[in-house]
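Presented below is the structure to which this report refers.
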Amino acid sequence: MKSLKVIFTTTFLTISLMFSGLLSAQEILNTGNIYIGGVGYFSDTDRNIDDDLGIVLGGELPLSERWSVSSDYYMIRSDVKFIGGDADLDLYRVGLNYHFNQINGWQPYLAFGTGYLDLEAAGFANDETEHTLDVGFGFKRMMNDKWMLRGDYKLINGEDVHGFDDALSMGIAYTFGKRASAPALASRSTTMMDSDNDGVPDSSDACRNTPAGTQVDSRGCEIDSDRDGVVDSRDNCPDTTANLAVDSNGCPILEVTQRRQELLVNFDYDRSEVKPQYDNQIQDFAEFMEVYGNTNVVIEGHTDSRGSDAYNQALSERRANAVRDELVNENGIAAERVSTVGYGESRPVSSNNTDAGRAQNRRIEAVISVEVEEQRRR
């Protein structure tokens, strides 16, 4: 009785969807996708396992405007009826989906498939394996540019178990590629004119004089598959993401930005050892050089005014070399990318008449500036 009711319901809904699809004039949604979801699996009584919930994983690829090929894996973890114990049911299937026209944004489809069922259950002498055939129907609905809601019902029959299993699933899918859709044709009559021969009568055509042979939607306007604002016939860069700004040819707009990284390390009086407090800054500087591998750097060493010119010159060079050694030996920057120069006391940044000013002058400085080409966002 249960199976007879399901068969009747399936037949009724299929006929209704076919009739509704013939009346609808919306674009067909048939695109590649991978999906995950939950499934309620209702086993025939001959299997002697409880109805239970599980997960379904699958993928789908379009073959034409209306047909696609799909592959699914059902994993159900249930219990054996009456005696208890675990029952593990795994179903692997491949099939074909036939897509009707959309109905108010909902994409109905009919599913046919074949599969392989593996049942391992406590109390069974051997694992139960069999080939299956199934039929069902489902729906899809886009939530945004890439994510889709989908669900379906399948009626499954095995070669050994003569009853039917029911599987009802719901999940989300990530879509990819262009949609395998053709121009949606409006209902025609001999009294309706179609001046631009795009399949949409003038009375419903929002975009007159579309070029011959171009794909149009139900309003008679050219299709923009990647939704970047440039119709397919003029789009030289298909599949650009919706968050990128594009030019009149549909290609991302490139812009140049300046990236800059500075390094400042101060030293104690008459010392050239790098204090541990600067390790993180030197590491950040090295990471910047790793990201932009075509950059080189000159490390400039300085001192305050105390001491002779010759002594301060040598001290400034030792300070620059100490930071260079940490970049190369501790952070893995190639030695040929880092050079040093000492300026002694000749380039102060503050007064040498105060302790605070002299502390600022005992330093090394390094700067890297690089131009980066990036895609502009909307």
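The values are calculated or read from the model by the stated rules, or taken from the named source; none is laboratory data. What you are looking at is a predicted structure, and each value in this text was computed from that prediction instead of being measured. All Cβ positions, even for glycine, are placed from backbone atoms using ideal geometry, and neighbour counts span all protein chains on display.
Couple of notes before you dig in:
- Condition check for residue 344: in the same structural domain as residue 283 (by TED's automatic domain parsing), at positive phi, modelled with pLDDT of 95 or more and surrounded by 14 or more Cβ atoms within 10 Å (Cβ to Cβ): yes
- Verdict on residue 234 being basic (Lys, Arg) and at pLDDT below 85: yes
- Tally, over the range 300-320, of residues that are without any contact (Cβ under 8 Å) to a residue 24 or more places away in the chain and assigned to a helix (DSSP H, G or I): 2
- Residue in the range 145-158 that is closer than 20 Å to residue 47 by Cα, surrounded by fewer than 19 Cβ atoms within 10 Å (Cβ to Cβ) and more than 24 Å from the chain's Cα centre (by Cα) present: yes
- Some residue of the range 275-297 being assigned to a strand (DSSP E or B) and either aliphatic (A, V, I, L, M) or surrounded by 14 or more Cβ atoms within 10 Å (Cβ to Cβ) (or both): yes
- The range 117-141, residues that are farther than 26 Å from residue 66 by Cα and in a strand (DSSP E or B): 117, 118, 119, 120, 121, 128, 129, 130, 131
- Residue selected from the range 26-55 under the condition of a type in the set (A, V, I, L, M) and at pLDDT 95 or above, by the criterion farthest from the chain's Cα centre (by Cα): 55
- For the range 53-112, filtered to residues that are touching a Phe, Trp or Tyr at 6+ places or on another chain (Cβ under 9 Å) and part of a loop (DSSP other than H, G, I, E, B), the residue that is surrounded by the most Cβ atoms within 10 Å (Cβ to Cβ) is 100.
- Selection status of residue 339, in contact with an Asp or Glu (Cβ under 9 Å, 6 or more places away or on another chain), outside any helix (DSSP H, G or I) and small (Gly, Ala, Ser): no
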